[in-house]
């Protein structure tokens, strides 16, 4: 089975219907705690256009839509069916069907470790961005994230994704990294709601955070 079909089957599986929706309290906190960090660099305005590549069921495209005009694209029809966004489309991240510099910000969350060619995807993200490219990926320095990536074959490429590796990857694709950090100990689908208040103090920038966040300009 080719890598593309391998990942396609993973993102079309039936149990995806059990994923938490974007308005779940844990999911909203997970997303907005990271968006607030991004806002330290990018000032989102209602007139701006943001593209969420690999938008899934809307974990980030839904909250971003409260700040600016947001378009979501994903190659999984099953994921798009559960995404509440109106501006969404089925699309291959390797060939984004948009004009050059069509968006002010191009964003992806947990996408690059699922694609066959991160370089090609980043090249397309840069092409359709007017200024910013924002990338979020698992942090292999976090022990729980490392274990999850090691145990799940479709997630295994994330074992490469240190902050330094991602910086090099973006710079190789002609993106200038202006901020890069690891963040938080909350995961959107697995963190029990009852422990959310206890984990909120840990949802800050820290070397062993679960998520690497990089902000770059073209």
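Every number in this text was worked out from the coordinates using simple rules, so none of it is lab data. In this text, all values refer to a predicted model and were calculated from it rather than measured experimentally. Heads up, the Cβs are rebuilt from the backbone with ideal geometry, glycines too, and the neighbour counts pull from every protein chain shown.
Regarding region 149-218, what is the average projected area of its C-alpha convex hull, in nm²?
On the way: hull surface 23.0 nm².
For region 149-218, the mean projected area of the Cα convex hull comes to 5.8 nm².
Sorted by packing (mean other beta-carbon atoms within 10 Å per residue), highest first, where do 158-167, 99-108 land? Present the calculation step by step, with values, prior to reporting the outcome.
Numbers: 158-167: 17.3, 99-108: 19.8.
Those peptides, ordered most packed to least, come out 99-108, 158-167.
How do 191, 211 line up, fewest other C-beta atoms within 10 Å first? Working shown, then result.
Numbers: 191 17, 211 23.
So the residues, fewest neighbours to most, are 191, 211.
Between residue 116 and residue 160, what is the label-point separation in nm under the 7 Å Cα-to-beta-carbon projection?
Result: 1.5 nm between the two label points.
Sort 59, 181 by Cβ crowding within 10 Å, fewest neighbours at the top. Could you put the intermediate results ahead of the total?
Values: 59 24, 181 17.
Going from least to most buried by this count: 181, 59.
What distance in nm separates the simple spin-label points at residue 179 and residue 204, each placed 7 Å from Cα in the Cβ direction?
It is 1.6 nm.
For region 61-104, restrict the atom set to alpha-carbon positions and state the Rg and Dmax in Å.
Over region 61-104's Cα set, Rg and Dmax evaluate to 10.9, 29 Å.
If you scale each eigenvalue of the Cα gyration tensor by 5 and take the root, what three semi-axes come out for the chain, rounded to whole angstrom and sorted largest first?
Numbers: eigenvalues 100, 80, 74 Å².
So the equivalent ellipsoid measures 22, 20, 19 Å along its semi-axes.
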